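The values are calculated or read from the model by the stated rules, or taken from the named source; none is laboratory data. A quick note: this is a predicted structure, and the numbers were derived from the prediction, not measured. For neighbour counting, all protein chains shown are included, and Cβ atoms are generated from backbone atoms with ideal geometry for every residue, glycine included. Side chains are part of the model used for accessible areas, which takes the heavy atoms of the whole protein and leaves out ligands, DNA and RNA. Shrake-Rupley method; radii C 1.70, N 1.55, O 1.52, S 1.80 Å.
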Amino acid sequence: MQDQNSHIGQRVIRREDAVLVAGQGSYTDDVLLQNPLHVSFLRSVEARGDIAELETEDAQAAEGVVAVHTGADVTHLGRLTVNPLIPLSVQREFPVLAQGQVHAVGQPVAAILATSNALALDAVELVYADINEALDTGSDAAPDLVAEQAWSAGDAAAGLAAADHIVETTILHPRLAPSPMEPRAIAVAYHQDRDSVTVWHSTQTPHRSRSALASILGVDADRIRVIAPHVGGAFGMKASLYPEDVFAVWAAFHHKRDVKWTATRSEEFLSATHGRGLTTIGRLAVNKDGMFQALQAEVNGPVGHWLPNSALTTVWNAARILPAGYQIENLDISTRAQAYNLAPTGIYRGAGRPEANCLIERLVDKAAVVTGLDSVEIRRRNLLDASAFPYRTGTGNVLDSGDYSRVLDVLVDQSGYNEALKERDVRRASGELVGLGIGFYLEPSGTGWETARVTLQADGRVLVASGSSTQGHGRETAFAQIAADTLQIPMKQITVICGDTKTCPEGIGALASRSTAIGGSAVLRACEEIRTRLDQGETAPLVADLRYENEGEAWGNGAYMVLLSVDRDTGVPLIERAVAVDDTGRIINPTQVAGQVLGGFAQGLGEALMEQVIYDEDGQLLTGSFMDYALPRAGDMPHLSQHTFQTPSPMNALGAKGVGEAGTIGAPAAILNAAIDALRPLGVEDLQMPLTSQNLWRAIQAAEEG
Ligand code: SMO
């Protein structure tokens with residue numbers, strides 16, 4: 001007999017890695033279809049305008065081309081829908097292929113179906129599209145208000161009026177390109193006998209793909225099976241269905257043929273969702289003793305020319321997570337989404353969490369400066385006490401659990417904070433630009449339900465199917481650990497299958513840091529049901545179909561510290577020390593937690609130091625390749641000293657909290673605070689990301705001239 005928990009909490013080696021690391025994964029583009037038609041898209045080269053002429057005859061006659069489709073062929077299709085997290089004021093149109101007008105560079109205008117990918121790409125060159133460019137286009141055009149919401153609690157105006165100090169900041173978050181290694185891809189097998197399709201889709205949300213495809217195409221969902229095979233990263237970019245996906249599946253039904261589309265990297269920069277892009281403005285009222293009195297904040301987020309399912313998640317999170325972990329009773333917070341003639345925006349690892357936490361953490365650091373308090377001390381005075389939970393914030397969230405002052409204690413101990421402060425001051429006195437930054441963060445892990453179907457076979461083997469999906473996070477290992485402990489059997493008897501709408505008919509998927517907390521809890525409960533039924537004398541085979549609903553969001557939290565120096569002559573920033581402390585709730589696998597935090601930190605570092613999507617004033621994309629868009633590389637990463645502790649969440653059966661976005665949330669705030677602290681002796685009070693050497697050098701020059 002094993003111990004009760006001989007797997008949960010252990011550093012179990014990831015079972016999926018042997019295949020993935022050896023390059024033997026089976027991704028969507030690897031799926032073998034029968035004589036498929038390959039799709040390529042003609043995309044708009046203008047940000048806004050009317051299609052005056054669209055000539056497809058030459059392409060139609062080209063070698064290997066079976067069909068050329070334009071907007072006229074798909075007018076009957078339904079619409080993609082946005083998750084209306086904040087009230088929508090206008091519904092945007094988003095045709096699968098442009099209907100007489102274009103609304104962004106990169107928008108699909110026509111589609112080629114050809115017998116090979118190369119021939120499909122060649123034939124695109126033969127389509128002639130004459131687009132009359134509108135006068136006001138691109139990023140300069142007055143944006144349409146798409147959705148907005150406001151929250152208020154107490155009396156923020158009175159709090160601001162009465163306070164000893166008011167600190168203010170504006171933060172511009174550049175648009176970011178999520179850039180998973182595997183671009184978007186879809187492979188559709190058409191089944192003549194049942195007029196149905198099997199769709200291999202590089203997605204985070206296979207069940208959502210199925211239901212959205214069924215409704216847009218007007219076919220019963222049982223004629224569509226969606227499988228998310230190995231998925232090479234997603235980061236939120238693959239949580240929404242795209243027009244290109246809809247076209248591929250429509251084409252399979254229409255032509256009664258197998259169809260596939262794999263995006264090129266250029267197509268990802270042009271037409272996949274970008275993340276961030278928000279501007280946040282905040283004013284924090286603080287008294288002489290450092291106590292926060294009121295917060296006013298405005299969030300302005302861009303959406304693109306069409307609204308993917310996740311389009312409003314970022315602006316919603318960026319606002320409603322405020323005032324983060326701080327006790328502030330007087331709040332005025334508003335958020336709005338405005339549409340631009342640019343690529344769509346959507347969730348990207350963190351999805352509003354980094355923006356909310358960056359804003360408040362910058363304000364807190366400014367409050368520390370103005371009151372003369374230490375950065376840790378001012379946080380200690382204002383963070384919620386461990387006895388406060390559950391705590392309802394002024395924006396209506398219930399913070400479930402935590403021990404924020406202990407997070408700070410661990411950070412101070414593990415980072416050698418007090419010694420680091422002294423080191424900073426000594427080096428500063430000798431003329432070096434060196435700064436210390438702290439970032440406290442909250443990470444709500446999603447709410448709602450997830451499913452598990454656990455089958456105990458007659459031979460003793462167990463099949464765990466989850467409605468959650470996986471993009472290489474190690475879900476198969478973590479769920480096997482949960483099942484092994486609950487059923488008290490060895491892990492090797494357990495097979496885990498994620499991301500197949502046939503194996504597990506209902507599900508949500510992998511997003512919002514929800515999969516372990518909710519998906520893992522579903523696996524736990526389904527295994528408990530099997531155990532109970534065995535105890536009651538039932539015999540295998542047994543199937544437990546379980547839909548688990550959590551009690552509410554589990555709020556992961558933590559604090560990061562960064563010691564950063566800036567070369568005075570070149571502006572080059574160097575992160576000399578980085579420390580992460582994360583309260584992850586109950587940990588299933590410490591190795592996976594460490595991997596998630598480290599990977600998240602790398603993406604947060606990319607955001608803070610180098611990444612930025614740039615458009616010109618005509619809405620033309622200037623950062624269309626990795627030659628122009630800088631992703632962090634291994635050599636850019638500092639050593640990250642990682643520490644966790646576990647305050648279990650009462651909100652789900654496992655007591656787990658999301659950790660998939662932690663590093664992405666904690667890193668930018670800490671890095672930004674450290675960089676501004678480094679330049680503070682020069683009189684610098686604000687900097688904008690990305691903190692490239694050029695931006696830092698300019699800030700140094702301006703300060704020294706100023
Ligand atoms: S940005 Mo995540 O996929 O919710």
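For this structure, a couple of remarks:
- Count of residues meeting criterion [within 11 Å of the ligand (Cβ to nearest atom) and not in a loop (DSSP other than H, G, I, E, B)] in region 511-523: 1
- Any strands (runs of 3 or more DSSP E) falling wholly within region 96-182 and containing at least 2 residues that are touching a strand residue (DSSP E or B) at 6+ places or on another chain (Cβ under 9 Å), open to solvent by 20 Å² or more (accessible area, probe 1.4 Å) and closer than 21 Å to PRO308 by Cβ: 144-153
- In the set (1) assigned by TED's automatic domain parsing to the domain that holds LEU456; (2) out of contact with any Phe, Trp or Tyr (no Cβ under 7 Å at 6 or more places or on another chain); (3) at pLDDT 95 or above, PRO573 fails one condition alone, (1).
- Residues satisfying the criterion are absent from region 304-313 (criterion: closer than 30 Å to VAL246 by Cβ, touching an Asp or Glu at 6+ places or on another chain (Cβ under 8 Å) and of a type in the set (S, T, N, Q)).
- Checked against (1) open to solvent by 10 Å² or more (accessible area, probe 1.4 Å); (2) part of a strand (DSSP E or B); (3) over 26 Å from VAL226 (Cβ atoms), GLU528 passes all but a single condition, namely (2).
- Residue in region 187-202 that is within 15 Å of the ligand (Cβ to nearest atom), at negative phi and either in a loop (DSSP other than H, G, I, E, B) or surrounded by fewer than 16 Cβ atoms within 10 Å (Cβ to Cβ) (or both) present: yes
- Residue tally, condition more than 32 Å from the chain's Cα centre (by Cα) and not charged (D, E, K, R), over region 38-69: 14
- Pairing residues of region 416-427 that are within 15 Å of SER565 (Cβ to Cβ) with residues that are open to solvent by 40 Å² or more (accessible area, probe 1.4 Å), at Cβ distances under 8 Å and at least 6 apart in sequence or on separate chains, gives ALA420/ARG577; LEU421/ASP374.
- Residue in region 33-56 that is loosely packed, with under 13 Cβ neighbours inside 10 Å and either at pLDDT below 95 or under 18 Å from ALA187 (Cα atoms) (or both) present: yes
- Verdict on ILE438 being touching a residue at least 24 places away in the same chain (Cβ under 8 Å), open to solvent by less than 10 Å² (accessible area, probe 1.4 Å) and closer than 30 Å to VAL684 by Cβ: yes
- Once region 487-510 is narrowed to residues that are among the β-branched types (Val, Ile, Thr), more than 16 Å from the ligand (Cβ to nearest atom) and buried (at least 23 other Cβ atoms within 10 Å of the Cβ), the residue that is nearest to ASP222 (Cα to Cα) is THR501.
- Selection within region 67-95 - outside any loop (DSSP other than H, G, I, E, B) and either open to solvent by less than 20 Å² (accessible area, probe 1.4 Å) or in contact with a strand residue (DSSP E or B) (Cβ under 6 Å, 6 or more places away or on another chain) (or both): ALA67, VAL68, HIS69, THR70, GLY71, VAL74, LEU88
- In region 641-682, the residues that are away from the ligand (no atom under 15 Å from the Cβ) and of a type in the set (Lys, Arg): ARG680
- Take the conditions (1) of a type in the set (Lys, Arg); (2) more than 16 Å from the ligand (Cβ to nearest atom); (3) within 30 Å of ALA669 (Cβ to Cβ); ARG175 misses just one of them, which is (2).
- Restricting the search to strands (runs of 3 or more DSSP E) fully inside region 532-586 and requiring at least 2 residues that are touching a Lys or Arg at 6+ places or on another chain (Cβ under 9 Å) and open to solvent by 10 Å² or more (accessible area, probe 1.4 Å) gives 542-549.
- From the list ALA675, ALA630, ALA669, ALA608, the one residue that fits, being touching an Asp or Glu at 6+ places or on another chain (Cβ under 7 Å) and outside any loop (DSSP other than H, G, I, E, B), is ALA669.
- Looking at GLY290, GLY325, GLY277, just one residue is open to solvent by less than 10 Å² (accessible area, probe 1.4 Å), at pLDDT 95 or above and at positive phi, and that residue is GLY290.
- Selection from region 361-418 of residues that are out of contact with any strand residue (DSSP E or B) (no Cβ under 7 Å at 6 or more places or on another chain) and under 17 Å from GLY282 (Cβ atoms): VAL364, ASP365, ALA368, VAL369, ILE378
- Residue tally, condition surrounded by 24 or more Cβ atoms within 10 Å (Cβ to Cβ) and touching a Leu at 6+ places or on another chain (Cβ under 8 Å), over region 463-482: 1
- Close Cβ contacts (under 6 Å, 6 or more residues apart or on different chains) running from residues in region 589-617 that are in the same structural domain as ALA578 (by TED's automatic domain parsing) to residues that are open to solvent by 40 Å² or more (accessible area, probe 1.4 Å) and of a type outside the set (S, T, N, Q) comprise PRO590/ARG11; THR591/ARG11; ALA602/MET637; GLY606/LEU631; MET610/ALA630; ILE614/LEU622; ASP616/LEU622; GLU617/ASP140.
- Inclusion of ARG208 among residues that are of a type outside the set (Phe, Trp, Tyr), closer than 24 Å to THR345 by Cα and open to solvent by 10 Å² or more (accessible area, probe 1.4 Å) is warranted.
- Verdict on GLN646 being in the same structural domain as ARG577 (by TED's automatic domain parsing), polar (S, T, N, Q), in contact (Cβ under 8 Å) with a residue 24 or more places away in the chain and within 17 Å of ALA578 (Cβ to Cβ): no
- The residues in region 617-651 that are closer than 21 Å to ALA602 by Cα and acidic (Asp, Glu) can be counted, and the count is 2.
- Yes/no for ALA522 being more than 30 Å from ALA634 (Cα to Cα), open to solvent by less than 10 Å² (accessible area, probe 1.4 Å) and within 20 Å of the chain's Cα centre (by Cα): no
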